[in-house]
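The values are calculated or read from the model by the stated rules, or taken from the named source; none is laboratory data. No experiment lies behind these values; they were computed from the predicted model shown. Note that each Cβ is placed from the backbone with ideal geometry, even for glycine, and that neighbours are counted across all protein chains shown. Side chains are part of the model used for accessible areas, which takes the heavy atoms of the whole protein and leaves out ligands, DNA and RNA. Shrake-Rupley method; radii C 1.70, N 1.55, O 1.52, S 1.80 Å.
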Amino acid sequence: MKVLISGGGTGGHIFPALSIANAVKRRYPDADILFVGALGRMEMERVPAAGYPIEGLPVAGFDRNRLWRNFGVLWKLWKSMRKARRIVRDFKPDVAVGVGGYASGPVLKEAQKLGIPTLIQEQNSYPGVTNKLLAAKASSICVAYDNLDRFFPAGKIIKTGNPTRKDLADCTLSQQDAKKKLGFDPSKPLVLSVGGSLGARTVNEAIAASLDMLSSKGVSLLWQTGRYGADRFQELAGGYPDVQAMTFITDMATAYRAADVVVSRAGAGTISELQNLGKAVILIPSPNVAEDHQRHNAEALSTRGAAVMILDADAVERLSPTLASLLDNPAECGKLSQGISEMALRDADEKIVDQLEKIIRK
């Protein structure tokens with residue numbers, strides 16, 4: 001089996017891509033897998049570190065606010081299409097998979113032109129423009145949410161869920177042992193805040209505004225600040241004995257296991273992880289994403305009682321009282337945990353490989 005996997009740009013695209021590749025390798029140890037990403041983006045480091053080869057395209061996203069800057073973007077797109085065509089012709093894949101991100105469009109478009117069957121893995125409840133354009137000629141479209149027949153041909157949609165990191169499900173620590181391992185008092189509630197590897201300014205500001213409240217209630221906090229503003233927020237955290245603030249949490253399996261309540265952005269990959277682990281969560285969707293898809297993701301949960309959503313503009317004011325209310329009401333946390341767990345779609349990576357097999361057999 002020869003599989004070409006394209007996309008990336010964020011962990012929300014890279015982790016599913018690697019999960020699919022690993023599932024292919026478990027089933028077909030001799031499979032030949034090649035990734036295609038965007039030069040300068042995180043996949044160019046993460047994919048080789050996971051043991052897979054990757055080619056980079058000079059592709060970049062369109063600037064919707066400053067249109068005059070897109071002349072250079074169009075030139076990069078033209079070069080990327082040419083390079084993608086060469087990669088597809090040289091590699092001769094049995095199937096091409098697109099997980100979203102800048103590189104996904106050129107690669108799947110060229111594969112479709114050359115008659116290579118394609119599979120789209122759409123993580124969000126509101127798909128981006130590229131996947132909507134590619135859908136007509138795709139063989140299968142693997143999704144994680146209902147009602148996507150508004151955007152895609154209904155006969156091609158397969159609800160598989162989003163692939164997630166296998167180490168999260170493999171963690172067997174109890175919540176108390178996870179808190180101990182992280183250096184927290186196991187008898188105290190623990191809030192986990194994750195805003196992404198770069199950091200989410202509004203989430204961090206809202207957490208900073210909640211520090212006094214958390215301290216007064218005897219609540220511990222594990223705070224991933226991300227890189228932007230890390231020094232400032234970590235200095236603030238230093239004044240509170242039950243707060244650990246760090247730029248990046250390396251052991252997310254233990255962090256998730258320890259948490260009583262999670263505060264997070266509403267990326268599709270993170271939501272799928274929280275669904276699989278059944279975690280009570282407050283979602284603060286980023287307003288700075290294409291198609292406002294994080295708000296759509298968060299609403300898909302909040303309207304079903306599976307999460308609490310706070311809009312980015314309201315987060316600094318509303319996070320502290322919302323957290324306080326949840327921490328004072330364990331029964332409500334339990335309802336959120338049950339609601340989000342009921343939405344989980346597990347073994348998504350294996351289900352996607354099932355679809356790849358069907359596509360190749362056809």
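For region 133-165, enumerate the residues that are open to solvent by 50 Å² or more (accessible area, probe 1.4 Å), in contact (Cβ under 8 Å) with a residue 60 or more places away in the chain and aliphatic (A, V, I, L, M).
Selection gives I158 alone.
When you scan region 317-329, do you find a residue that is within 30 Å of N22 (Cβ to Cβ), buried (at least 18 other Cβ atoms within 10 Å of the Cβ), hydrophobic (A, V, I, L, M, F, W, C) and touching a residue at least 40 places away in the same chain (Cβ under 8 Å), even just one?
no
Of all residues being open to solvent by less than 40 Å² (accessible area, probe 1.4 Å) and not in a strand (DSSP E or B) in region 49-58, which is modelled with the highest pLDDT? Just the residue, please.
Among residues in region 49-58 that are open to solvent by less than 40 Å² (accessible area, probe 1.4 Å) and not in a strand (DSSP E or B), the one modelled with the highest pLDDT is Y52.
Report, by residue number, each residue of region 1-48 that is open to solvent by 60 Å² or more (accessible area, probe 1.4 Å), part of a helix (DSSP H, G or I) and either at pLDDT 95 or above or touching a His at 6+ places or on another chain (Cβ under 8 Å) (or both).
N22, K25, R26, R27, P48
Looking only at region 234-257, count how many residues are over 13 Å from V194 (Cα atoms), without any contact (Cβ under 8 Å) to a residue 60 or more places away in the chain and open to solvent by less than 20 Å² (accessible area, probe 1.4 Å).
Here the count works out to 1.
Could you tell me whether region 204-213 includes any residue that is assigned to a helix (DSSP H, G or I), open to solvent by 40 Å² or more (accessible area, probe 1.4 Å) and touching a residue at least 60 places away in the same chain (Cβ under 8 Å)?
Yes: one or more hits.
For residues in region 294-314 being part of a helix (DSSP H, G or I) and touching a strand residue (DSSP E or B) at 6+ places or on another chain (Cβ under 9 Å), which is surrounded by the fewest Cβ atoms within 10 Å (Cβ to Cβ)?
E299
Any idea which residue in region 259-288 is surrounded by the most Cβ atoms within 10 Å (Cβ to Cβ), counting only those that are under 22 Å from Q175 (Cα atoms) and of a type in the set (S, T, Y)?
S272
Scanning region 166-198 for residues that are among the hydrophobic types (A, V, I, L, M, F, W, C) and open to solvent by 40 Å² or more (accessible area, probe 1.4 Å), which turns out farthest from G267 (Cα to Cα)?
Looking at the filtered set, the residue picked out is L173.
G61 - would you say it is surrounded by 17 or more Cβ atoms within 10 Å (Cβ to Cβ) and either under 16 Å from the mean Cα position of the chain (by Cα) or in contact (Cβ under 8 Å) with a residue 40 or more places away in the chain (or both)?
no
Which one of these does I352 not meet: (1) assigned to a helix (DSSP H, G or I); (2) open to solvent by 10 Å² or more (accessible area, probe 1.4 Å); (3) more than 25 Å from E205 (Cβ to Cβ)?
(2)
So which pairs qualify, if the first residue must be in region 37-52 and acidic (D, E), the second must be open to solvent by less than 50 Å² (accessible area, probe 1.4 Å) and not in a strand (DSSP E or B), the Cβ gap must be under 9 Å, and the two must be at least 6 apart or on different chains?
E43/G7; E43/G8; E43/G9; E43/H13; E43/I14; E43/A17; E43/G101; E43/A103
In a helix (DSSP H, G or I) and open to solvent by 10 Å² or more (accessible area, probe 1.4 Å): is that true of L77 in this structure?
yes
If I filter region 121-132 for residues that are at pLDDT 95 or above and either surrounded by fewer than 18 Cβ atoms within 10 Å (Cβ to Cβ) or more than 22 Å from I20 (Cβ to Cβ) (or both), do I get at least one hit?
Checked region 121-132: no residue is at pLDDT 95 or above and either surrounded by fewer than 18 Cβ atoms within 10 Å (Cβ to Cβ) or more than 22 Å from I20 (Cβ to Cβ) (or both).
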